[in-house]
Amino acid sequence: MKGVAVRNPSEIARLRLASRIVGEILSALEPIMVPGISTGKISLFCEKHLRRLNAQSASSLLGFPGTVCTSVNAVAVHGIPGDRILQGGDIVTVDLSLEIGGWFGDGAVTFGIGKVSPEVGRLLRVAKKATIAGITATRPGLDSLEIGRAVERYVDAMGMSVIADCLGHGIGRSLHEPPVIPFCSYKGKGFRLEEGMVFTIEPVVTLAASGLVEAGDGWSKLTSTGLPAAQWEHTVLVTRSGCEVLTVG
């Protein structure tokens, strides 16, 4: 596919560093994700770690009013951190993108706060496994659309739905580069996966078929059903035999 970069070893090393930092910070969040924490404190926690590692928030570079996106419950993507206090039973997706040395990393995790309902707990498990299904389908020689088909087959089998407008993307010297990676039925044209390609796998899963609606703050988007959404995002590298997850903690 025209415009899809195949990275050389030096570029891969830089992307691996940026992605590893993303994974480390998201993993470090786990102990503080308890009832009573505010989304603003989550953002400040990430900002502190970014400064310590000489990295900067890619979201801030794009004008987003926060270091990370904190999307709570029915906020599917781009939730703005602030004064909101998280309660037991809430879920929050923390989406962290960063730049270091001119290269970008991107990842997300949905955390359950305290004890969540059985239905929401199942949503979290399905969303995580949906991303794993996409990762498992990533290997050289296959059509890129097989990634989305694998995700959708799994999520459909679990009786849930993928939000069609939430797409994966290439990543490198910019946060968003070609290609686009869909995670549901897609009538466009895919491309042949090649060793050295780097992109994100990040389906957003909800309990029933849903679109997106603007929240009114210029950034946040809600599920049109008002049902909660969950997302795991990884940056992956296509390797000779499959793929490597770069955003590991």
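The values are calculated or read from the model by the stated rules, or taken from the named source; none is laboratory data. As the structure is a computational prediction, the values presented were derived from the model and not from experiment. Note that each Cβ is placed from the backbone with ideal geometry, even for glycine, and that neighbours are counted across all protein chains shown. All accessible areas refer to the heavy atoms of the entire protein, side chains included, with ligands and DNA or RNA removed. Shrake-Rupley method; radii C 1.70, N 1.55, O 1.52, S 1.80 Å.
L142 falls short on exactly one of the conditions (1) of a type outside the set (S, T, Y); (2) farther than 22 Å from D106 by Cα; (3) touching a helix residue (DSSP H, G or I) at 6+ places or on another chain (Cβ under 7 Å), and that condition is (3).
Restricting segment 110-125 to residues that are surrounded by 18 or more Cβ atoms within 10 Å (Cβ to Cβ) and touching a Gly at 6+ places or on another chain (Cβ under 9 Å) leaves a set whose member that is nearest to A157 (Cα to Cα) is L124.
So in segment 214-249, with the set limited to residues that are charged (D, E, K, R) and part of a strand (DSSP E or B), which one is surrounded by the fewest Cβ atoms within 10 Å (Cβ to Cβ)? If you could, list the steps in order and put the result at the bottom.
Taking segment 214-249 and keeping what is charged (D, E, K, R), we get 214, 217, 221, 233, 240, 244.
After this cut, where a residue has to be part of a strand (DSSP E or B) as well, the list is 214, 221, 233, 244.
Working: E214: 10, K221: 23, E233: 24, E244: 18.
If we take residues in segment 214-249 being charged (D, E, K, R) and part of a strand (DSSP E or B), then E214 is surrounded by the fewest Cβ atoms within 10 Å (Cβ to Cβ).
Counting only strands (runs of 3 or more DSSP E) that sit wholly inside segment 65-147, those with at least 2 residues that are not hydrophobic (A, V, I, L, M, F, W, C) are 69-72, 91-100, 103-112.
Taking segment 190-213 as the region of interest, how many residues are farther than 23 Å from T136 by Cβ, in a loop (DSSP other than H, G, I, E, B) and of a type in the set (A, V, I, L, M, F, W, C)?
If we filter segment 190-213 for residues that are farther than 23 Å from T136 by Cβ, which is where we start, we get 207-213.
Next, only the ones that are in a loop (DSSP other than H, G, I, E, B) stay: 207-211.
If we keep only those that are of a type in the set (A, V, I, L, M, F, W, C) as well, we get 207-209.
Number of matching residues: 3.
Look at (1) open to solvent by less than 30 Å² (accessible area, probe 1.4 Å); (2) of a type in the set (D, E, K, R); (3) touching a helix residue (DSSP H, G or I) at 6+ places or on another chain (Cβ under 7 Å) and you find that D83 fails only one, number (1).
The single condition from (1) out of contact with any Gly (no Cβ under 9 Å at 6 or more places or on another chain); (2) closer than 17 Å to T235 by Cβ that I21 fails is (1).
Per-residue answers, yes or no, for (1) open to solvent by less than 10 Å² (accessible area, probe 1.4 Å); (2) within 19 Å of the chain's Cα centre (by Cα):
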{"position": "R14", "(1), (2)": "no, no"}
{"position": "S19", "(1), (2)": "yes, yes"}
{"position": "I37", "(1), (2)": "no, no"}
{"position": "C46", "(1), (2)": "yes, yes"}
{"position": "R52", "(1), (2)": "no, no"}
{"position": "A55", "(1), (2)": "no, yes"}
